[in-house]
Each structure stands twice: as C-alpha cells, then as structure tokens.
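Q: One structure, as structure tokens, below. Some questions next.
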C-alpha cells in the first residue's frame, strides 16, 4: 500500500526562536498561512490520490504544537473530520522538542494523530548552542520519551553539517536517536539559505558549508547506523515539492538527489566488504541479491557502483537482483 502525506505548511508559526539555518518561508514556498485554505488544499490533494493509498494529513513547516492552542485545535478538527469520513487514515505533525509536554500530548491524543516528528537536529549540546536551537539534549531526550510513552510513532529529524558538528558527532546523534526508540528518521544535510544567519557566517568565513561529496560521506555514516539498528530513513534532503529556487540558496548540500547518492555510497561500501572476504573473483560472474525496490540504490546513480565493482574485482559479469525476503541494506551474493 502506497503511503501519501498531504502536507499543510505552517511556515515558522509557533516558533519564536530563529535557528541560524532557518528560512522556513523559503522552504515551504509560502510567505504566510491562511487557515481558510486548508480544506481546499486537502481536497485538491485527495483528488489526485488513489483511494487505496494510506493517506495522512501532515502539518509541516513550523512548530505545530507551539502555535495558538485554539488554532491548533481547529486545524486538528478539520483533519479529524477527514479521518471520521474514512478519507484519510491519520494525522502527522512536526514540532520542536521543547514544545512537547503532557498537556500537548493529552490534546493530540484526543485526535487521530499517529506520528510526531521532532526536529532534534543534533544530540550534541555544543552543536545545538552554535546553531541557536534554543534547547539542549536533555530537553530532546525528555520529549522523545514522552512521545513514546503516549504511544505515538516517533520520527527523529537530524541534520548533517551544522556549525560545530563533525562526522563523529553526527554518528553519535544517529546512535542516540536509535537508543531513544525512534521509529523512523529524516536526515537533512545543511543547506545555506540567503538571508539567514548561517549565510552571514559562511560569508564571513566562520562557517564553511559542506561540499557535495563531504555531505554524501557524512550522510552515509548516519544511514549505516540506522540500517544496523533497523530504523528506516524515510527521507534524505529537502523534497522537490518544497520548491527551493537556486537564487535562494547560498551554498551547502542542495543536490536534488543527495539521498540517492548517499544510499548508493553506503551500498557500495557494504557490497565491497562482502566481496573482499570472498577471495579472488577475477573472471567470475557475481549475482547480488538486495531488498525489493533497492536495485537502483545498489547499482548507484548512473550505474556508478556497477562499473566500480566490475573494475575493482575484474569480474566477468555482474547482476543485481531483488528478493522479497531480504531486508534493506542486506546483501546475498552468488558466485557463478
């Protein structure tokens, strides 16, 4: 069953904080929010979605649980009516960890909220402070525990390449998210938007944006942690639907296929680790079996992995096939 989110963007509403990287108005492609248009947006989206899809109304873009309580409940009421009519299955929302408490979760529990996505970004206090997040790791850990206690599905959002961060700190963040019981994750390599404090920092030289390859390599490390813990990554990088224009971006990892590239690099590492332990493969035929739907990741963008593996091991031939019973990032190898 295909999963579809109907995104309702609420740019920067409910958040008095301004992180150095934040430009929510550009990310959502909207300068303001009009409550009266919400039903229209939902109806337009539903008209394009097949009836048997698992569909959720998703309140993204701001800190949903930090907006005016009356507005939050009105929006939840609108979404709930679509659940009651059987037109959508659930509600999901994104918010900050410092806007999660029992009062908020009691309210959300009265509606069809299934998933809460927390913008955790880093589990390193120095990185959070340098990014002016406005909360610490203890706050994030408490929020995660509360979300899990109330029985919601928890999605952790983390960022790659924040000020003061490093590959090791990002690996530890990924490990900590797994320890906190996240059900899924999103990974966002940092994009530097014009007009943000981070852009001013980059121009002054106090912050150096990640180049594309470094962003891929550091994202790959986090992806491996999640794969080893069986935590699905549902997104790497900003969606095309978030309508970023090149004129709005100063620098950073803004490649449209950053996720595909990072996943391909992880697959290359995993495949090579297995092949390295299989002796001399020169002149042999190799068949790689991967999870259903992951052949393109294993082969790599523009068949990059396919060509590298053929050359590195001097293979006579290479096939990459899928098997339903194999889990993501697991690989079976047959030598012919």
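The values are calculated or read from the model by the stated rules, or taken from the named source; none is laboratory data. Quick caveat, the model's predicted, so the values are computed rather than measured. Backbone-built Cβ (ideal geometry, glycine too); neighbour counts: all protein chains shown.
Q: Being touching a residue at least 24 places away in the same chain (Cβ under 8 Å), farther than 29 Å from residue 113 by Cβ and out of contact with any helix residue (DSSP H, G or I) (no Cβ under 7 Å at 6 or more places or on another chain) is the filter here; which residues of the range 148-171 pass it?
A: none
Q: Here is a check on your reading of the model: is residue 127 in the same structural domain as residue 227 (by TED's automatic domain parsing), without any contact (Cβ under 8 Å) to a residue 40 or more places away in the chain and in a helix (DSSP H, G or I)?
A: no
Q: Got a sec? Which of 28, 45, 89, 94 is surrounded by 13 or more Cβ atoms within 10 Å (Cβ to Cβ) and modelled with pLDDT under 90? Don't jump to the end; show me each part of the working.
A: Values: 45 fails: modelled with pLDDT under 90; 89 fails: modelled with pLDDT under 90; 94 fails: modelled with pLDDT under 90.
So the residue among 28, 45, 89, 94 that is surrounded by 13 or more Cβ atoms within 10 Å (Cβ to Cβ) and modelled with pLDDT under 90 is 28.
Q: Checking the conditions here, which among 275, 177 is surrounded by 13 or more Cβ atoms within 10 Å (Cβ to Cβ), in the same structural domain as residue 296 (by TED's automatic domain parsing) and assigned to a helix (DSSP H, G or I)? Before the answer, list the steps.
A: Numbers: 177 fails: in the same structural domain as residue 296 (by TED's automatic domain parsing).
Only one candidate qualifies: 275.
Q: Can you find a residue that is assigned by TED's automatic domain parsing to the domain that holds residue 140, assigned to a helix (DSSP H, G or I) and within 23 Å of residue 184 (Cβ to Cβ) anywhere in the range 43-54?
A: For the range 43-54, residues assigned by TED's automatic domain parsing to the domain that holds residue 140, assigned to a helix (DSSP H, G or I) and within 23 Å of residue 184 (Cβ to Cβ): present.
Q: Here's a follow-up. For the range 286-297, indicate whether the set of residues that are in a loop (DSSP other than H, G, I, E, B) and closer than 17 Å to residue 220 by Cβ is non-empty. It would help to see each step written out before you state the result.
A: Here is the first cut: in the range 286-297, the residues in a loop (DSSP other than H, G, I, E, B) are 292-294.
After this cut, where a residue has to be closer than 17 Å to residue 220 by Cβ as well, the list is 294.
Checked the range 286-297: at least one residue is in a loop (DSSP other than H, G, I, E, B) and closer than 17 Å to residue 220 by Cβ.
Q: Okay, next question. Only one of 197, 228 is modelled with pLDDT of 95 or more, at negative phi and assigned by TED's automatic domain parsing to the domain that holds residue 146; which? Before you say what the answer is, go through the steps one by one.
A: On the way: 197 fails: modelled with pLDDT of 95 or more.
It is 228.
Q: Exactly one condition in (1) under 30 Å from residue 209 (Cβ atoms); (2) outside any strand (DSSP E or B); (3) out of contact with any helix residue (DSSP H, G or I) (no Cβ under 7 Å at 6 or more places or on another chain) is false for residue 58; which is it?
A: Residue 58 satisfies all of (1) under 30 Å from residue 209 (Cβ atoms); (2) outside any strand (DSSP E or B); (3) out of contact with any helix residue (DSSP H, G or I) (no Cβ under 7 Å at 6 or more places or on another chain) except (2).
Q: I'd like the residue in the range 278-315 that is surrounded by 14 or more Cβ atoms within 10 Å (Cβ to Cβ), free of Cβ contacts under 8 Å to residues at least 40 places away in the same chain and farther than 24 Å from residue 259 by Cα and, out of all such residues, is farthest from the chain's Cα centre (by Cα).
A: Top of the filtered list is 315.
Q: Additional query: Answer yes or no as to whether residue 82 is within 23 Å of residue 37 (Cβ to Cβ), assigned to a loop (DSSP other than H, G, I, E, B) and free of Cβ contacts under 8 Å to residues at least 60 places away in the same chain. Before you say what the answer is, go through the steps one by one.
A: Details: within 23 Å of residue 37 (Cβ to Cβ): yes; assigned to a loop (DSSP other than H, G, I, E, B): no; free of Cβ contacts under 8 Å to residues at least 60 places away in the same chain: yes.
When the stated conditions are applied, residue 82 does not pass them.
Q: Next question, about the same structure. Within the range 139-147, can one find any residue that is touching a residue at least 60 places away in the same chain (Cβ under 8 Å), touching a helix residue (DSSP H, G or I) at 6+ places or on another chain (Cβ under 8 Å) and closer than 30 Å to residue 41 by Cα? Let's see the steps before the verdict.
A: At the first step, the residues of the range 139-147 found to be touching a residue at least 60 places away in the same chain (Cβ under 8 Å) are none.
No, the range 139-147 contains no residue that is touching a residue at least 60 places away in the same chain (Cβ under 8 Å), touching a helix residue (DSSP H, G or I) at 6+ places or on another chain (Cβ under 8 Å) and closer than 30 Å to residue 41 by Cα.
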